[in-house]
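Read through the structure below, which is laid out as structure tokens, and then see the notes.
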Amino acid sequence: MARKGVGITITQHMLQQQRENPEATGGFTTLLNELIVAAKVISREVNKAGLADILGATGRTNVQEEQVQKLDVFANSVIIERMQHVGQLCCMGSEENADLIEIPSEYPKGNYIIVFDPLDGSSNIDVNVSIGTIFGIYKKKSDETNIDMLMNDVLQPGVNQVAAGYFIYGSSSMMVYTTGNGTGVHGFTLYPSVGEFLLSHENIRIPERGKIYSVNEGNDVFWDEKTLSLVNYFKARDKGSGRPYTSRYIGSLVADFHRNLLKGGIFMYPADNKDPNKPTGKLRLMVEANPLALVVKEAGGYASDGNRPILDIQPKEFHQRVPLYIGSREDVALAEDVISGRKDLT
Ligand code: AHM
Ligand code: MG
């Protein structure tokens, strides 16, 4: 017998949530629906990436003498072009664009802001490894429309997100999202022949503690003592606490996060001294850490920069980087205790 709710489309699910929230307007559903269309287009291109000669550098031409775009550039433009005319946004922010993206004057504007990483893990495309799109949605704070005020509107802590989630393009394509405030995290799998995302993972809960640690250990020469002691702790033998943990690292954030969300565990991208220009690690606060932090929180987990909740950080600039510890609540709380110096494992 089918489980309750399983198989309903993402649109039905959003409409149901909209009905349960008296303040909700159809605008938000319209916005998310358009993002889903963009993701379906990206998913289609990702799935044929090896065939379609789409891997070439921007500027190459294919056999039909058409310009070939790199897949991450393609994904970025699909999202921008689809989202700019929905009439619900005042601006967008993408990992691919240095500046905020304004809504062209011919289209109506709205009160929402979407920030996104159009194709995260794109260095994995060539080797057929899962990649994804990450997004966070905010409400505009002011009524101002000049560009400086827009930047102020965008630079909000992640806790203000009204929705967040990701699409994963893998052995199947999925959308995982939350609208926060205890509404839970729900996963939908794309049924390609029907062209719809169908509810497959209702109310995802991450285990309180996991058995997986995920980190690029090739960077350990660039880590400080605290980070080393933390990773060594996960690798140490201790029957009582189920250690050593298993190491799993794909190098594609959405895929690493998604696995740990379902199975439990901790993903880490610590601060390191590899590049003096990026002393706070590699991942971006607004388009990578914050959306996943809201998802994990709603699933019962936690995300920290090693000192405080990711969701509480007031961003200073759009492309700000941040150390990231994310996953099962107990594992991330321990990481925070160690990195902040509250607990000494050395
Ligand atoms: P990208 O936005 O340039 O694709 O980089 C982000 C990716 C993440 O998907 C992944 O977690 C991380 O970079 C892997 O980095 P590294 O190769 O240094 O381990
Ligand atoms: Mg990225």
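Close Cβ contacts (under 7 Å, 6 or more residues apart or on different chains) running from residues in region 92-106 that are in the same structural domain as I79 (by TED's automatic domain parsing) to residues that are away from ligand 2 (no atom under 16 Å from the Cβ) and not aliphatic (A, V, I, L, M) comprise L100/C91; I101/C91; E102/C91; I103/Q84; I103/C90; I103/C91; I103/K109; P104/Q84. Note on region 93-109: among residues that are in a strand (DSSP E or B) and either over 23 Å from E317 (Cβ atoms) or away from ligand 1 (no atom under 16 Å from the Cβ) (or both), the one that is nearest to the chain's Cα centre (by Cα) is I101. Can you confirm whether region 322-344 contains a residue that is among the basic types (K, R) and more than 26 Å from V162 (Cβ to Cβ)? Checking region 322-344: at least one residue is among the basic types (K, R) and more than 26 Å from V162 (Cβ to Cβ). Any residue that is among the aromatic types (F, W, Y), under 19 Å from the mean Cα position of the chain (by Cα) and farther than 20 Å from S123 by Cα - is there at least one of those in region 261-277? Taking every residue of region 261-277 in turn, none turns out to be among the aromatic types (F, W, Y), under 19 Å from the mean Cα position of the chain (by Cα) and farther than 20 Å from S123 by Cα.
Count of region 270-329 residues, restricted to those that are away from ligand 1 (no atom under 16 Å from the Cβ) and among the hydroxyl-bearing types (S, T, Y), is 3. Scanning region 242-284 for residues that are open to solvent by 70 Å² or more (accessible area, probe 1.4 Å) and not in a helix (DSSP H, G or I) turns up P244, R248, Y249, I250, N273, K274, P276, N277, K278, P279, K282. I'd like the full set of residues that are away from ligand 2 (no atom under 16 Å from the Cβ) and part of a helix (DSSP H, G or I), limited to region 290-320. Scanning region 290-320 gives L294, V296, K297, E298, L311, D312.
The single condition from (1) within 16 Å of ligand 2 (Cβ to nearest atom); (2) part of a loop (DSSP other than H, G, I, E, B); (3) at pLDDT 95 or above that V287 fails is (2).
Contact map, region 110-132: first residue within 10 Å of ligand 1 (Cβ to nearest atom) and open to solvent by less than 10 Å² (accessible area, probe 1.4 Å), second residue among the hydroxyl-bearing types (S, T, Y) and assigned to a loop (DSSP other than H, G, I, E, B), Cβ cut-off under 9 Å, separation 6 or more or different chains; pairs are I131/S252; G132/S252. Taken over region 114-137, residues that are at pLDDT 95 or above and away from ligand 2 (no atom under 16 Å from the Cβ) amount to 1.
Taken over region 236-260, the criterion of being in contact (Cβ under 8 Å) with a residue 12 or more places away in the chain and over 25 Å from the mean Cα position of the chain (by Cα) is satisfied by G242 alone. Under the condition of being surrounded by 23 or more Cβ atoms within 10 Å (Cβ to Cβ) and in contact (Cβ under 8 Å) with a residue 60 or more places away in the chain, which residue from region 311-346 is farthest from the chain's Cα centre (by Cα)? Going through the qualifying residues, I end up with I339. Within region 286-300, the residues that satisfy the criterion of being over 10 Å from the mean Cα position of the chain (by Cα) and open to solvent by less than 10 Å² (accessible area, probe 1.4 Å) are V296, A299.
The rows are residues; the columns are (1) within 16 Å of ligand 2 (Cβ to nearest atom); (2) among the β-branched types (V, I, T); (3) assigned by TED's automatic domain parsing to the domain that holds L253.
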residue: M151; (1), (2), (3): no, no, no
residue: V159; (1), (2), (3): no, yes, no
residue: A163; (1), (2), (3): no, no, no
residue: Y166; (1), (2), (3): yes, no, no
residue: T189; (1), (2), (3): no, yes, no
residue: G195; (1), (2), (3): no, no, no
residue: G218; (1), (2), (3): no, no, yes
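Restricting region 179-216 to residues that are of a type in the set (V, I, T) and under 19 Å from the mean Cα position of the chain (by Cα) leaves a set whose member that is farthest from I326 (Cα to Cα) is T189.
The values are calculated or read from the model by the stated rules, or taken from the named source; none is laboratory data. Predicted, not measured: the structure shown is a model, and the values here were computed from it. Glycine also receives a Cβ, built like all others from the backbone with ideal geometry; neighbour counts cover every protein chain displayed. When the accessible area is computed, the model is the full protein with side chains, heavy atoms only, and any ligands, DNA or RNA have been set aside. Shrake-Rupley method; radii C 1.70, N 1.55, O 1.52, S 1.80 Å.
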